[in-house]
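The values are calculated or read from the model by the stated rules, or taken from the named source; none is laboratory data. This structure is a prediction, so every number in the text was calculated from the model and none was measured. Please note: Cβ atoms are built from the backbone with ideal geometry, for glycine as well, and neighbour counts cover all protein chains shown. SASA here: full protein model, heavy atoms, side chains in, ligands and nucleic acids out. Shrake-Rupley method; radii C 1.70, N 1.55, O 1.52, S 1.80 Å.
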Amino acid sequence: MSVTRLAMWSGPRNISTAMMRSFENRPDTIVWDEPLYAYFLDRTGIDHPLREETLERHERDPAKVLATCTSAELPAGRTVFYQKHMTHHFLPELPTDWLDSLTHCFLIRDPHDMLLSYSRKRADVSAADLGLERQREIFDLVRAQTGQRPPVLDAEDVLRDPRRALGALCDVLGIPFSERMLSWPPGPRSTDGAWAPHWYDAVLASSAFAPWRPRHGTLSPHLAPVLEECAPHYDALRAHRLLG
């Protein structure tokens, strides 16, 4: 039975956990929450909320992580291995050949909205924290290696019409769309990373994608350069969006 090993490349505060919930509710899917996060924290020494808990509970060795991403055996009846990857966790020092074993999709969001949400959870934020430049680099790398343009989903398109967006994605991936992707039971999961208590409060209370609404709020002046740096990368990826 053919297995789809799906790497969903996203930045933080980008409906990425809701998307993971959507796929996890499929009967044919298992999910992995941010496989490279512990490695990223260990390698960079960066201070993130629940850093020590993450390092204690999750694998730090990138070779072991990548081997699982590309070759882990799935339980009986499961044919989709959904991997929720944060783009900034994929440090440039890592090899790239492992990407050939995966199917890729890119989840993007307006960086203005990302910054409004992220800055409420972590005071210090840089363009690198949002990962849009790295996301664009990975997109270009996957496109060059495969000779094909990987699908790009804009969070706004998903929230405006989840059925249409997820149906289009499933068509591209060659997997059947499931109505179960549109809702899920609220609450925590054993598959959630150790960082979930800090970052996942909204998703833990959710049972479906929230309806799209414009994000109101003014960014702090010190975030203006971050937005300016991120915007061109978002625009470049948005030009390839699946529902464009």
Exercise. When ALA165 is evaluated against the numbered criteria (1) out of contact with any strand residue (DSSP E or B) (no Cβ under 9 Å at 6 or more places or on another chain); (2) over 19 Å from MET86 (Cα atoms); (3) open to solvent by less than 20 Å² (accessible area, probe 1.4 Å), which criterion, by number, is the only one it fails?
Worked result: (1)
Problem set entry | Of residues in segment 18-34 being out of contact with any Ser or Thr (no Cβ under 7 Å at 6 or more places or on another chain) and open to solvent by less than 10 Å² (accessible area, probe 1.4 Å), the one nearest to ILE175 (Cα to Cα) | THR29
Exercise. Restricting the first residue to segment 49-61 and requiring it to be more than 15 Å from HIS89 (Cα to Cα) and open to solvent by 100 Å² or more (accessible area, probe 1.4 Å), which pairs with a second residue that is modelled with pLDDT of 95 or more and in a loop (DSSP other than H, G, I, E, B) meet a Cβ separation below 8 Å and a spacing of at least six or different chains?
Worked result: GLU56/ALA194; ARG57/GLY193; ARG57/ALA194
Problem set entry | Residue check, SER2 at negative phi, open to solvent by 10 Å² or more (accessible area, probe 1.4 Å), touching a residue at least 40 places away in the same chain (Cβ under 8 Å) and small (Gly, Ala, Ser) | yes
Exercise. So which residues in segment 118-136 are without any contact (Cβ under 8 Å) to a residue 40 or more places away in the chain, not in a helix (DSSP H, G or I) and not aliphatic (A, V, I, L, M)?
Worked result: ASP124
Exercise. What residue, of LEU41, LEU55, LEU50, LEU74, is more than 19 Å from ASP192 (Cβ to Cβ) and aliphatic (A, V, I, L, M)?
Worked result: LEU74
For this session: Just need a number here: residues in segment 179-205 that are in a loop (DSSP other than H, G, I, E, B), open to solvent by 20 Å² or more (accessible area, probe 1.4 Å) and in contact (Cβ under 8 Å) with a residue 12 or more places away in the chain.
Result: 7
